[in-house]
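S.K.: Take a look at the following structure, please.
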Amino acid sequence: MVVKRYAHIIGTGSYVPEKILTNFDLEQMVDTSDEWITTRTGIKRRHIASKEVCSSDLSIAASRKAIAAAGIKASDIDLILLGTVTPDFPVPSTACIVQDKLGAVNAGVMDIVAACSGFVYGLSLAKAMVEASQYNNVLVIGVETLSKITNWEDRNTCVLFGDAAGAAIVHASEKPGGILGTYLKSDGSLAHLLSITAGGTRVPIDASNVNNGDRYLKMAGPEVYKNAVRTMTEAAFEVLKRTNLSSADIDLMISHQANIRIIESTARKINVPPEKVYINIQEYGNTSAASIPLALDEAIRTGRVKSGDIVLLVAFGGGLTWGSAIVEL
Ligand code: COA
């Protein structure tokens, strides 16, 4: 008889660099104000990595905490899935660097490039791999050092982003529950809304573009905003349908922390009341792939959620990509 396997999150961890950049600091750098940033985005401060600290470093710190919380050893991990758009190098993958430094000697690894949806994409893959009996302990990481691809002279973007990492161990179990369902989607026709146009093979960085801003993240803010609400609403309803649950069953909604107005508007559209919506954007800004695992780890460690609670994770990012997951903790 084939025993059904379920994919459970058994430990989480997160890490942010020490240095904090406040809205008041940004007032000294570009033409902006604490009042504008707070009312338009909900962000008060963000953490910024120092020059020598890269995504692998943040990932390792977050992963060690997740491994400890799960009560396993690094050598028990058989797969590492790392979502990022700010890898240490083009080659090798950041997941390879993390594998080596963690001592995860039995793990296969890969990076996932799905921008802010990277962690939810990783979680969805982890669930599938675990349930298909391939893997027993999958380390899923969402990490970003967006400060390194931010144009610090562009007030449209530089006030929004921060650096962080979050990690979760997805473990195979015969106990029902865990990651109950996921949903992934994309629309590459809207890629131009959020992109870095130089630095790949299509437009290599050379003397002609090194200083023109093309190697930094550019964004059409209001269009991104509208698509974020539309796609996260769709993703939430789809995963509720797939898991035969309703909004009333959700104990906590953790959406990608891009803008407090996007989060609140999405929650309203899917009928999740404010007290069941997790918001920490004021502390960290938009940390892209790291935002959901960072919030999940905080919610678990502060007791905002407990074993048995139903958590809705919903993400949106450049690509465009979007997705969702419902997890019974
Ligand atoms: N400080 C002060 N003024 C700023 C500013 C800043 N940091 N950034 C933009 N502005 C200005 C704009 O230049 C514009 O001025 P104008 O009317 O004279 O042209 C004005 O503020 C309004 O800009 P607008 O873009 O209409 O504001 P908004 O209410 O849409 O808020 C964002 C802008 C970027 C905060 C919002 O669109 C947003 O959050 N978008 C999604 C961002 C996101 O989530 N990105 C990542 C996706 S994962």
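The values are calculated or read from the model by the stated rules, or taken from the named source; none is laboratory data. Just so it is clear, the model here is predicted, and its values are computed rather than measured. When we count neighbours, we look across all protein chains shown, and the Cβ atoms used for this are built from the backbone with ideal geometry, even at glycine. Calculation scope for accessible area: heavy atoms of the full protein, side chains included, ligands and nucleic acids excluded. Shrake-Rupley method; radii C 1.70, N 1.55, O 1.52, S 1.80 Å.
S.K.: Which of the residues belonging to region 269-297 are touching a residue at least 12 places away in the same chain (Cβ under 8 Å), open to solvent by 40 Å² or more (accessible area, probe 1.4 Å) and in a helix (DSSP H, G or I)?
M.R.: Lys269, Lys276, Gln282, Glu283
S.K.: On to the next question. State which residue is least open to solvent (accessible area, probe 1.4 Å) when the search covers only region 27-54 and only residues that are more than 10 Å from the ligand (Cβ to nearest atom) and of a type in the set (Val, Ile, Thr).
M.R.: Ile48
S.K.: Name the residue, out of Val229, Val224, Val210, Val239, that is in the same structural domain as Ile262 (by TED's automatic domain parsing) and without any contact (Cβ under 8 Å) to a residue 24 or more places away in the chain.
M.R.: Exactly one residue qualifies, and that residue is Val210.
S.K.: Further question on the same structure: State yes or no: is Leu184 outside the structural domain of Arg46 (by TED's automatic domain parsing) and either surrounded by fewer than 23 Cβ atoms within 10 Å (Cβ to Cβ) or more than 14 Å from Tyr6 (Cβ to Cβ) (or both)? Give the steps one after another, and end with the answer.
M.R.: Numbers: outside the structural domain of Arg46 (by TED's automatic domain parsing): yes; either surrounded by fewer than 23 Cβ atoms within 10 Å (Cβ to Cβ) or more than 14 Å from Tyr6 (Cβ to Cβ) (or both): yes.
Spelling it out, Leu184 is indeed outside the structural domain of Arg46 (by TED's automatic domain parsing) and either surrounded by fewer than 23 Cβ atoms within 10 Å (Cβ to Cβ) or more than 14 Å from Tyr6 (Cβ to Cβ) (or both).
S.K.: Collect the residues in region 61-97 that are without any contact (Cβ under 8 Å) to a residue 60 or more places away in the chain and farther than 19 Å from Val120 by Cα, keeping them in residue-number order.
M.R.: The initial filter retains those residues of region 61-97 that are without any contact (Cβ under 8 Å) to a residue 60 or more places away in the chain, namely 64, 68, 73-75, 87-97.
Hits for region 61-97 are Arg64, Ala68, Lys73, Ala74, Ser75, Asp88, Phe89, Pro90, Val91, Pro92, Cys96, Ile97.
S.K.: Further question: Looking only at region 234-255, how many residues end up being open to solvent by 30 Å² or more (accessible area, probe 1.4 Å) and either in a helix (DSSP H, G or I) or under 13 Å from Leu313 (Cα atoms) (or both)?
M.R.: 8
S.K.: Let me ask another. Looking only at residues that are outside any loop (DSSP other than H, G, I, E, B) and open to solvent by 30 Å² or more (accessible area, probe 1.4 Å) in region 1-23, which one is farthest from the ligand (Cβ to nearest atom)?
M.R.: This residue is Tyr6.
S.K.: Moving on to the next point. Does Asp111 fit the bill of being of a type in the set (Asp, Glu) and either within 27 Å of Ala236 (Cα to Cα) or not assigned by TED's automatic domain parsing to the domain that holds Thr22 (or both)?
M.R.: Spelling it out, Asp111 is indeed of a type in the set (Asp, Glu) and either within 27 Å of Ala236 (Cα to Cα) or not assigned by TED's automatic domain parsing to the domain that holds Thr22 (or both).
S.K.: Identify all residues within region 256-268 that are within 16 Å of the ligand (Cβ to nearest atom) and either among the basic types (Lys, Arg) or assigned to a helix (DSSP H, G or I) (or both); write none if there are none.
M.R.: So the first thing to find is which residues in region 256-268 are within 16 Å of the ligand (Cβ to nearest atom), and the list is 256-267.
Of everything in region 256-268, those that are within 16 Å of the ligand (Cβ to nearest atom) and either among the basic types (Lys, Arg) or assigned to a helix (DSSP H, G or I) (or both) turn out to be Ile260, Arg261, Ile262, Ile263, Glu264, Ser265, Thr266, Ala267.
S.K.: Hey, among Gly142, Gly177, which residue is open to solvent by less than 40 Å² (accessible area, probe 1.4 Å) and within 16 Å of the ligand (Cβ to nearest atom)? It would help to see each step written out before you state the result.
M.R.: Values: Gly177 fails: within 16 Å of the ligand (Cβ to nearest atom).
On inspection, the qualifying residue turns out to be Gly142.
S.K.: Among the numbered conditions (1) in contact with a helix residue (DSSP H, G or I) (Cβ under 7 Å, 6 or more places away or on another chain); (2) farther than 30 Å from Val91 by Cβ; (3) not polar (S, T, N, Q), tell me where Glu35 comes up short.
M.R.: Answer for Glu35: the failing condition is (1).
S.K.: Those residues that are under 15 Å from Leu313 (Cα atoms) and either open to solvent by 10 Å² or more (accessible area, probe 1.4 Å) or not aliphatic (A, V, I, L, M) (or both), I need them from region 105-139; list them, please.
M.R.: Cys116, Ser117, Gly118, Phe119, Tyr121, Gly122, Ser124, Leu125, Lys127 - these are the residues of region 105-139 that are under 15 Å from Leu313 (Cα atoms) and either open to solvent by 10 Å² or more (accessible area, probe 1.4 Å) or not aliphatic (A, V, I, L, M) (or both).
S.K.: Being within 12 Å of the ligand (Cβ to nearest atom) and surrounded by fewer than 20 Cβ atoms within 10 Å (Cβ to Cβ) is the requirement here; does Asp100 meet it?
M.R.: Considered against the rule, which asks whether it is within 12 Å of the ligand (Cβ to nearest atom) and surrounded by fewer than 20 Cβ atoms within 10 Å (Cβ to Cβ), Asp100 comes out as no.
S.K.: Could we say that Thr150 is within 15 Å of the ligand (Cβ to nearest atom) and touching a Cys at 6+ places or on another chain (Cβ under 6 Å) here?
M.R.: In short, yes.
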